[in-house]
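Here the structure comes first, spelled out in structure tokens, and everything after it is commentary.
The values are calculated or read from the model by the stated rules, or taken from the named source; none is laboratory data. Only a predicted model underlies this, so the values are computations on that prediction, with no experimental measurement involved. Positions of Cβ are generated from backbone atoms using ideal geometry, with glycine treated the same way; all protein chains shown enter the neighbour counts. Side chains are part of the model used for accessible areas, which takes the heavy atoms of the whole protein and leaves out ligands, DNA and RNA. Shrake-Rupley method; radii C 1.70, N 1.55, O 1.52, S 1.80 Å.
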Amino acid sequence: MALVAGITFGIVAGNPWGAATSTWSRRLLQASVVGLGFGMNLPELLQTGKDAFLYTAISISFTMAAGYLLGKFFRTPQRTSTLISFGTAICGGSAIAAMAPVIKAEAEETGVALATVFTLNSIALILFPPLGHLLGMGQRQFGLWSALAIHDTSSVVGAAAAYGGLALAIGTTVKLTRALWIMPSALLAAWFTKSGGKVKFPLFIIGFIAAATIKTVLPQLDQVWHPLNSIAKQSLVVTLFLIGSGLTREVLGRTGIRPLAQGIFLWILVSVTSGTAIMCGWIN
């Protein structure tokens, strides 16, 4: 409901505070993810992350390769294609923001990639929970699927939270494991392109792990950790409204047919492939 309300506001009113909305939605998301750590158990978190490491690596490699081929097929401009593929493979807008200075993408190229990924991100948040129920997915299966097939952390958390508590825990952990690949992937891109661009590590992931550690080490203070976790979940509702309000008519108009076609086909391919692997028990 928050996302739909935000999208409605963005399209009808045009969101005159677009830049501020983008900044605060990113900050609020990062703070919310840290707060979600107060609802996690550290040993379970580490085990899930360890289990997810291999198939997130395979998923990212597959998505980048498929994105490259689809970019060639749709004749998407090279840097825009790279940003769309990187955003789909790892962590949506955060990954695009990290990769853009590395490959020295122009502002317009970055904007098109963000608009493409963001549009699909919003659709995924609405579609995935009913699709999960239609396919008869358990909470663990849906948490894995949402983490592997939805672009941004906010939408993964939103979709998984709507499905259930276990789906939220699995989805958040696996998604953040994916996000850890931002830095090595961007460094590799910098080495290949000889760009010398700067790579930033997503520090909120450390905050998430630290919160889970504190909660696990000091369980006697659960009366403190539980409210913090609840606040984080509610702040995600505000985050989703802010993100939705960024989907204006100008953003939709800037996306363009070729980048959007590449993004759609790549997203469908990743969603179907990962969903099939999970339902067949190849990923568990």
**OP:** With r as the distance between the Cβ atoms of residue 187 and residue 210 and R0 = 22 Å, compute the FRET efficiency 1/(1 + (r/R0)^6) and round to 0.05.
**Re:** 0.40
Original post:
What full-extension length gain, to one decimal in nm, is calculated for residue 234 and residue 5 as 0.36 nm per residue of separation minus the Cα-Cα distance?
Top reply: 80.9 nm
Subject >> Surface/4 estimate of mean projected area, convex hull on alpha-carbon atoms of the stretch 74-128, nm² >> reply: 3.8
**OP:** Please report Rg over Rh for the chain, where both radii come from the alpha carbon positions and Rh follows the Kirkwood definition.
**Re:** 0.95
**OP:** Measure off, as a whole percent, the carbon and sulfur share of the 1.4 Å-probe accessible area of the chain, all protein chains present.
**Re:** 71
Original post:
Considering the alpha-carbon set of the stretch 82-218 alone, what are its Rg and its Dmax in angstrom?
Top reply: 15.9, 48
Original post:
Once label points are set 7 Å from the Cα along Cα→Cβ at both residue 27 and residue 50, what is their separation, rounded to one decimal in nm?
Top reply: 3.8
Subject >> Order by protection proxy (mean Cβ within 10 Å, highest first), peptides 9-21, 80-92 >> reply: 80-92, 9-21
Original post:
Within the chain, which DSSP H helices have Cα atoms that stretch 24 Å or more along the helix axis and a mean Kyte-Doolittle hydropathy of at least 0.5?
Top reply: 42-74, 107-134, 222-245, 257-279
Original post:
Taking the stretch 1-94 as the region of interest, what is the percent of Cα-Cα pairs per 5 angstrom bin, listed from the shortest bin to the one with the maximum distance?
Top reply: 2, 11, 12, 14, 15, 17, 17, 9, 4, 0
Subject >> Cross-link pairs 72/175; 175/233; 72/104; 104/175; 175/215 - those with Cα-Cα distance over 24 Å >> reply: 72/175; 104/175
**OP:** Over the chain, average the accessible area per residue using a 1.4 Å probe and give it in Å², no decimals.
**Re:** 47
Original post:
In nm, to one decimal, how far is the residue 282 label point from the residue 265 one, both placed 7 Å along Cα→Cβ?
Top reply: 2.1
